[in-house]
């Protein structure tokens with residue numbers, strides 16, 4: 001089986017050290033050489049983002065510019081209309097052949113997986129790695145429990161045996177940093193230093209993102 005591809009998605013509005021630390025640990029635990037950070041285009045599961053997809057993409061590129069172990073996948077930002085993960089994974093799969101694809105999500109996202117568009121198809125397209133904190137709570141609907149049954153594996157190397165269909169729990173460090181809090185700090189005129197990379201702070205200031213009285217920037 002060919003080398004696996006890791007896909008770590010998010011709105012990254014803005015990207016911060018919590019995202020980057022979790023991504024780094026997930027990459028190490030999964031032993032991945034091809035690890036892609038995937039900023040969402042127009043996400044269907046939350047209200048409108050505060051910064052446009054192009055700004056969020058630019059901030060993410062600034063954040064990982066010095067880290068070649070990460071690549072940034074911009075396909076959702078280039079896509080018109082709403083972005084659905086099933087469509088994105090199908091697009092990646094079309095170019096990846098039978099390489100294992102591993103979608104990396106947090107426990108909260110996993111708990112609501114059955115509310116995603118065509119969610120059953122996710123298991124046909126990729127493996128799912130669930131990042132867990134010590135206080136993580138698994139709360140699956142009966143439909144999701146039925147889908148998860150028989151898919152859980154204990155070791156990362158088991159994901160390399162087939163292209164898709166398994167689920168692995170990952171214990172990663174979850175830093176208590178949130179994009180919502182960062183946006184509020186900036187709006188209130190307080191510093192967000194040491195919560196996100198300096199290059200991202202510089203970009204935010206140069207483009208006046210999230211500041212009080214600033215419209216959503218395109």
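Here, each number is a calculation from the coordinates, and none is a lab measurement. Note that this is a predicted model, so its numbers are computed, not measured. All Cβ positions, glycine included, derive from the backbone under ideal geometry; neighbour counts span all protein chains shown.
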### Query
Of everything in the stretch 149-181 that's in contact with a strand residue (DSSP E or B) (Cβ under 7 Å, 6 or more places away or on another chain) and part of a helix (DSSP H, G or I), which residue is farthest from residue 25 (Cα to Cα)?
159
### Query
Is it true that residue 135 is farther than 14 Å from residue 164 by Cβ and assigned to a helix (DSSP H, G or I)?
no
#### Entry: Selection from the stretch 68-98 of residues that are under 17 Å from the mean Cα position of the chain (by Cα) and within 19 Å of residue 24 (Cβ to Cβ)
69, 70, 71, 72, 73
